[in-house]
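Chemist: Have a look at the structure that comes next, please.
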Amino acid sequence: MMLEDHHETQWREFFCLSCQWVHRVLMPEAKGKTCFSSRGWVFTLGRDWELYMLKNPMSRHNYIIKLPKLKFPDVEVLPRYDNFSAKFVLSASPTTSLDYMVMVIYGWGGRLGLWKPGDEEWTAVNFPSPTHNICDLIFYKGCFVAVDCQGSILRCDVNGPTPFETQVIFRMPRRLMHWEHPDLVQPTTGHRLLMTGAYLVQSPTGSLLFVSRWEEREPAQTFQFQVFEIDLNTQTYTEVKSLENTSLFLGSNSSFYLEANEKHHIKPNCIYFADDSWPRLSEEGGGRDMGIYHIEDCTTELYFMAMAYDHYSLPLWIEPSF
């Protein structure tokens with residue numbers, strides 16, 4: 001886990017699950033930047049809108065790729081750089097494929113943009129309807145696949161004849177996407193839990209998982225997650241009651257799974273989640289909404305409650321190479 005930015009230093013801290021220690025890495029490229037991660041790479045976005053990709057800073061080899069400035073013709077007035085982007089997703093690691101691509105969720109309306117090596121600028125991706133507000137994105141079976149806040153799942157076939165067009169391939173039931181859950185209730189107050197996140201993850205068997213996050217913040221913070229397996233062929237969904245020997249990692253990173261591993265301190269049947277709630281960040285910063293959710297008994301284990309140093313800085317998981 002890459003921790004928050006120390007405002008006065010060029011060092012960044014990383015909490016390693018394997019050894020349970022915090023490591024300090026000299027990383028001037030990330031100072032004062034908003035950071036994201038995908039496939040072991042860290043994306044840094046600065047006030048000047050300059051964008052870089054850094055190979056896993058915990059590795060021994062320093063590798064930096066400069067991307068075009070994050071600007072789009074459909075955004076006339078640029079907002080603050082620190083909440084303009086929600087997520088960057090790589091189709092493949094640049095160290096293993098020269099044909100990699102990057103897609104980003106950007107802007108207040110949750111739009112999509114695409115960049116390929118050799119392009120001098122980002123290209124906006126079109127939606128079948130202007131109402132789509134994207135909240136998560138993954139690369140799945142050769143295509144970028146996104147989910148919007150209404151539960152529509154869209155696919156962008158970047159290698160097909162229309163690489164900048166999306167199409168709806170599935171819709172989650174509206175009752176499961178309502179901001180107040182019809183069934184999930186905080187036991188002590190009787191209040192319905194509020195939806196604060198939706199994610200897509202590829203499972204170990206190759207299926208597509210949809211994960212919804214629910215919480216109540218007062219009087220005590222309560223979290224609950226629901227996981228559904230989506231069958232795009234039959235257009236059906238099934239609630240997943242157990243991830244068995246697998247755990248999911250969610251946050252400002254592109255979502256991924258890992259097999260449970262006692263040596264690396266990865267617990268089975270859990271959801272490791274990091275704070276990615278940009279709209280609700282306080283002046284003290286992020287790092288508050290993070291923990292390990294145990295699916296078996298629906299309990300949350302507070303995990304490495306980080307101290308935030310800036311409101312733009314959020315902790316994020318970096319996918320390991322082991």
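Chemist: How many residues does region 195-252 hold that are open to solvent by less than 50 Å² (accessible area, probe 1.4 Å), in a strand (DSSP E or B), hydroxyl-bearing (Ser, Thr, Tyr) and at pLDDT 95 or above?
Modeler: Here the count works out to 3.
Chemist: Right, next: Going through region 135-151 one residue at a time, which ones are at pLDDT below 95, open to solvent by less than 10 Å² (accessible area, probe 1.4 Å) and not charged (D, E, K, R)?
Modeler: 151
Chemist: Considering only region 145-158, I want to know if a residue exists there that is over 30 Å from residue 56 (Cα atoms), of a type in the set (Lys, Arg) and in a strand (DSSP E or B).
Modeler: no
Chemist: Please go through region 253-280 and pick out each residue that is open to solvent by 10 Å² or more (accessible area, probe 1.4 Å) and either of a type in the set (D, E, K, R) or free of Cβ contacts under 8 Å to residues at least 40 places away in the same chain (or both).
Modeler: The answer is 259, 260, 261, 262, 263, 267, 268, 269, 276, 280.
Chemist: Going through region 290-322 one residue at a time, which ones are at pLDDT 85 or above, within 18 Å of residue 259 (Cβ to Cβ) and over 15 Å from the mean Cα position of the chain (by Cα)?
Modeler: Those that are at pLDDT 85 or above, within 18 Å of residue 259 (Cβ to Cβ) and over 15 Å from the mean Cα position of the chain (by Cα): 292, 293, 294, 295, 296.
The values are calculated or read from the model by the stated rules, or taken from the named source; none is laboratory data. Here the structure is a predicted model, which is why all the values come from computation and not from measurement. Here the Cβ is made from the backbone with ideal geometry for all residues, glycine too, and neighbour counts use every protein chain on show. Heads up: the accessible areas ignore ligands, DNA and RNA and are worked out on the full protein's heavy atoms, side chains in. Shrake-Rupley method; radii C 1.70, N 1.55, O 1.52, S 1.80 Å.
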